[in-house]
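See below for the structure under consideration.
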Amino acid sequence: MLRVGQEETDAVRRVFESGKMFRYDIDGECGRFEQRYAELIGSRHVALSSSGSNALTAALAGLEIGPGDEVIVPAHTYMATANAVLAVGAIPIIVEIDESITLDPIALEQAIGPHTRAVMPVHMWGQLCNMDAIMALAAKHDLRVIEDACQAVCGFYKGRGAGSIGHAGAFSFNYFKNMTCGEGGATVTNDDHVFDRVRCMIDPCGFYWEGRPATFEPFVTSGARASEFEGAILNAQLDRIPALIDKLRAQKSRIVQATTDSGLTLSPRHDPEGECATALMFLLPTPNAAIAFQKTAGGGILAHTGRHNYTEWDPILSRQGGHHPALNPFTLPQNADCRMEYSKDMCPKSLEILARTVSIGMHPDHGDDDVDALIAKILAAAKQVLATA
Ligand SMILES: Cc1ncc(COP(=O)(O)O)c(C=O)c1O
């Protein structure tokens, strides 16, 4: 969360006072947010839902990914990315990241097999994936691209909104994200048919209120609708977000400049101007150097975030892919030819990179003095660590 204030409280109060808490009221907050967010990121359609996990699942289902399909996911992401693949009955293939801590396009191409239908690049920590390379490979191998932009609200890759570049994208608005309404998500796409399917995933009864597109046959889903409270909070958050992200970018570029001659290596970035700048990443020469650096500079080592690495995805590693044995994608006959061998050491390159990467968080409430203090700590840590490395 970057900031919440009086505007959000007022927005929630207005919804209470209007008595209109259901999203299908005319001129509602959810609809207004969807329109405004679509304009911001440059996508034709946006569908608000109750979480990033549901938004990802809706995106995959929207693109008709299901049993018999393999979907490539990176080794470094929140487990929800891979969970969404299983939620639609498909099988996640876990693939190495590179030093940018996002999906390695070379590893992606090597991992494509006869059943691979889609890839989910994840813009982790607001750093952007190498979308040019990924989109080119997807075109070459006829893969659908679902961008997990849950951590990249307001990120732009070469001028295009993160999430709007692939065939579909998904965002999270949970408490930890750049823009929050407590819990929430959004699926985006430029494709009208995919959007109808996404809306059906989010509300299979939505046609009672919104009408049924002439050529669309609704199907049964459990739904994941957002309320007007989430819409209202997000409208207030949307007013704030561009200025807050600009502030983070300014902070980050100040630190980058001040540490240029320190001997430290920044993690490579695919669009330094467009990334969210929520975190600054340094790649240290060895895991021990990363530990020593982090002790003085602060921040965290990406190998130790506790939940963002495939080694922590216990239900997937043990192939518990569903709540009922007959609905477990790992045992469905349609998936019998898909690859599903997982082990904790299957992506050694990723583990090595993550053990050497120290991430330092930016925050819009940090003033100039805070940034100066942070720069001093980073320089002291660099001096201490690089001298002995
Ligand atoms: C990369 C990534 N994907 C998906 C999600 C899932 O979002 P949610 O928690 O809103 O379901 C998250 C949330 O932490 C995330 O960081």
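The values are calculated or read from the model by the stated rules, or taken from the named source; none is laboratory data. Just so it is clear, the model here is predicted, and its values are computed rather than measured. Please note: Cβ atoms are built from the backbone with ideal geometry, for glycine as well, and neighbour counts cover all protein chains shown. Only protein heavy atoms, including side chains, enter the accessible area calculation; ligands, DNA and RNA are left aside. Shrake-Rupley method; radii C 1.70, N 1.55, O 1.52, S 1.80 Å.
Odds and ends about this structure:
- When each of Lys20/Lys158; Lys247/Lys377; Lys158/Lys383 is checked by Cα-Cα distance, pairs over 31 Å: Lys20/Lys158; Lys158/Lys383
- Cα centroid separation - region 73-105 against region 1-17, whole Å: 34 Å
- Of the two radii for region 14-123, the radius of gyration is 1.09 times the Kirkwood radius, both from the alpha carbons; that is the Rg over Rh value.
- Residues of region 6-237: accessible area per residue with a 1.4 Å probe, Å²: 37 Å²
- Theoretical ellipticity at 222 nm over the chain - DSSP helices of four or more residues, -39500 (n - 2.57) apiece, nearest 500: -12000 deg cm²/dmol
- Counting only protein heavy atoms and a probe of 1.4 Å, the accessible surface of the chain is 52% carbon and sulfur.
- Longest segment of the chain lacking chymotrypsin sites (Phe, Trp or Tyr not before Pro) that sit in a DSSP loop with at most 12 other Cβ atoms within 10 Å: 220-389
- Estimated FRET transfer efficiency (Asp246, Gln384; beta-carbon r; R0 41 Å; 0.05): 0.80
- Extending 7 Å from Cα along the Cβ direction at His193 and again at Gln320 yields two label points whose distance is 3.8 nm.
- Within straight-line reach of Lys349, meaning a Cα separation under 19 Å, sit the following aspartates and glutamates at least 8 residues removed in sequence or on another chain: Glu96, Asp98, Glu99, Asp104, Glu109, Glu312, Glu341.
- A Förster radius of 41 Å combined with the Cβ-Cβ distance from Phe330 to Asp239 puts the calculated FRET efficiency at roughly 0.40.
- Centroid-to-centroid separation of region 324-389 and region 167-200 [C-alpha atoms, Å]: 24 Å
- Order of exposure, largest accessible area first, which applies to His304, His141 with probe 1.4 Å: His304, His141
- Stretching Glu217 away from Asp372 to a fully extended chain increases their span by 50.0 nm, per 0.36 nm per residue minus the current alpha-carbon distance.
- When DSSP beta bridges are restricted to pairs lying wholly in the chain, around 60% turn out antiparallel.
- If the segment from Phe207 to Ile26 were pulled out straight at 0.36 nm per residue, it would be longer than the present Cα-Cα gap by 63.7 nm.
- Region 293-385: GluC sites (Glu not before Pro) falling in loop per DSSP and having at most 11 other Cβ within 10 Å: Glu341
- Using 0.36 nm per residue and subtracting the Cα-Cα separation, the extra length available between Asp142 and Val256 on full extension is 37.2 nm.
- Inter-site label distance for Leu266 and Tyr175 at 7 Å from Cα along Cβ, in nm: 3.2 nm
- For Asp104, nonlocal amide neighbours, meaning residues 5 or more places apart or on other chains whose placed amide H falls under 5 Å from its own, are Ile97, Asp98.
- For Asp345 and Glu109, the FRET efficiency from 1/(1 + (r/R0)^6), where r spans their Cβ atoms and R0 equals 25 Å, is about 0.70.
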